[in-house]
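Working notes, structure below.
The values are calculated or read from the model by the stated rules, or taken from the named source; none is laboratory data. Remember, predicted model here, so these are calculated numbers, not experimental data. Glycine also receives a Cβ, built like all others from the backbone with ideal geometry; neighbour counts cover every protein chain displayed. Each accessible area value is taken on the protein alone, full model and side chains, heavy atoms only, with ligands, DNA and RNA left out. Shrake-Rupley method; radii C 1.70, N 1.55, O 1.52, S 1.80 Å.
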Amino acid sequence: MKRKLPVVYALLFAVVLSLSTASFAQISVGISFNVRIAPPALPVYEQPICPTPGYLWTPGYWSWDDDAGYYWVPGTWVEAPTPGLLWTPGYWGWNNGFYGWNEGYWGPHVGFYGGVNYGYGYGGAGFGGGEWRGGAFFYNTAVMHVDTVHITNVYVNNTVIVNNNSHVAFNGGEGGITVHASAQEESYAREPHRAPVAAQVQQVHAASQNRQNFASENHGSPAVAATARPGEFSGKGVVAAKAAGAPYKAPAMSPKEARGPSPAASNTAAAPHNNVARPVTPPVKNTEAAPARNTPPAKSTAAPREATPRTETARPATESRPQTEARPQPKSQPTPQAKPAAKPKPAPKPAPKEEKEKK
């Protein structure tokens, strides 16, 4: 049956395209989407053998589809985006009345993943399945399935084995795990991170296209619980679940009814409050300046200061110079008028002309 892309796949695909595989990127570690019903228990399954050196184990988990509900994303071996990075699995966590999915990420340390016991090195806190030594990854065969004939970067550390038979797949809420992130895990969450690689996104997409992976069909025990390589859901490297982690209980509501508000919508709903809170400072500045302009006392104090320099500059330019020059000139004009009065002296000259004519 042809299905539309689940929300998780669409989000992961967009994130992978936006990030460069050659450098670190600071991605936000938060909730991808909210659901009103808890995920099923983690199924019981064996880890397939690591296919090649340098691949790290990424445990399986329950993802969500708005049309068909929870579906299982098989665990698989994935090549790290760059040497030195470790995978922090995602987890479901109770948040404000909903079960929110916190997406996993790559980083220099393994951060908080809800205390969920995913197994194979992920016992609920930290990672004991291996470590980077220089540019090579060494596998702890006490908890990892590795072919030691072809992969020689191995060691044994039994102290990391966690005797925890819990298969609870979520943190908080009714029946959930009741652990919180430590101060160190919180600091790891603030480190530069890398989003899931393309192979992990491919695994999510392939799982969403197989109806047998949905909890409504497999009742918590998927036929493909883990794969040796991403996207390969048939063949030698496929491992089926041994059993469901707990008796399956069908949800009392449809997937569309169970879907909670999207974090994007809640963020946009909260954004106006944040945006209003941020511009509070500019309006305060405006309101402080506005009363100074609008209130009479403010004008009386500011106007004289501004009016005096403006009138001093304006009057000499337009009024004072023309007026002072025009008014004093009439007073000084009598003196220049006396000079033209002396000019009529040539008038008596015609008299001598007449005298000459008389002569």
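Given (1) open to solvent by less than 60 Å² (accessible area, probe 1.4 Å); (2) in contact (Cβ under 8 Å) with a residue 60 or more places away in the chain, identify the lone condition not met by Glu186.
Result: Glu186 fails condition (1) only.
For Ala252, work out the one condition from (1) part of a loop (DSSP other than H, G, I, E, B); (2) out of contact with any strand residue (DSSP E or B) (no Cβ under 8 Å at 6 or more places or on another chain); (3) closer than 20 Å to Tyr71 by Cα; (4) at pLDDT 95 or above it doesn't fulfil.
Condition (4) is where Ala252 drops out.
Of all residues in the range 119-146, which are touching a residue at least 60 places away in the same chain (Cβ under 8 Å) and open to solvent by less than 50 Å² (accessible area, probe 1.4 Å)? Walk me through it before giving the result.
Narrowing the range 119-146 to residues touching a residue at least 60 places away in the same chain (Cβ under 8 Å): 119-122, 125, 129-130, 136-137, 139, 144-146.
Listed by number, the residues that qualify are Gly119, Tyr120, Gly121, Tyr122, Gly129, Gly130, Ala136, Phe137, Tyr139, Met144, Val146.
Here is a yes/no grid of residues against (1) more than 24 Å from Tyr139 (Cα to Cα); (2) out of contact with any helix residue (DSSP H, G or I) (no Cβ under 6 Å at 6 or more places or on another chain); (3) open to solvent by less than 40 Å² (accessible area, probe 1.4 Å); (4) part of a loop (DSSP other than H, G, I, E, B):
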{"site": "Thr159", "(1), (2), (3), (4)": "no, yes, no, no"}
{"site": "Val162", "(1), (2), (3), (4)": "no, yes, no, yes"}
{"site": "Asn165", "(1), (2), (3), (4)": "no, yes, no, yes"}
{"site": "Glu174", "(1), (2), (3), (4)": "yes, yes, no, yes"}
{"site": "Ala181", "(1), (2), (3), (4)": "yes, yes, yes, yes"}
{"site": "Gln202", "(1), (2), (3), (4)": "yes, yes, no, no"}
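In this structure, is Ala223 in a helix (DSSP H, G or I) and either within 25 Å of the chain's Cα centre (by Cα) or more than 24 Å from His109 (Cβ to Cβ) (or both)?
no
Quick one: would you say Trp57 is over 18 Å from Gly126 (Cα atoms), of a type outside the set (S, T, N, Q) and touching a residue at least 40 places away in the same chain (Cβ under 8 Å)?
Numbers: over 18 Å from Gly126 (Cα atoms): no; of a type outside the set (S, T, N, Q): yes; touching a residue at least 40 places away in the same chain (Cβ under 8 Å): yes.
So Trp57 fails the test.
Scan the range 226-243 and give yes if some residue there is more than 33 Å from the chain's Cα centre (by Cα) and within 24 Å of Asp66 (Cβ to Cβ), otherwise no.
no
Give the number of residues within the range 217-237 that are touching a residue at least 40 places away in the same chain (Cβ under 8 Å) and open to solvent by less than 60 Å² (accessible area, probe 1.4 Å).
Residues that pass the stated criteria total 12.
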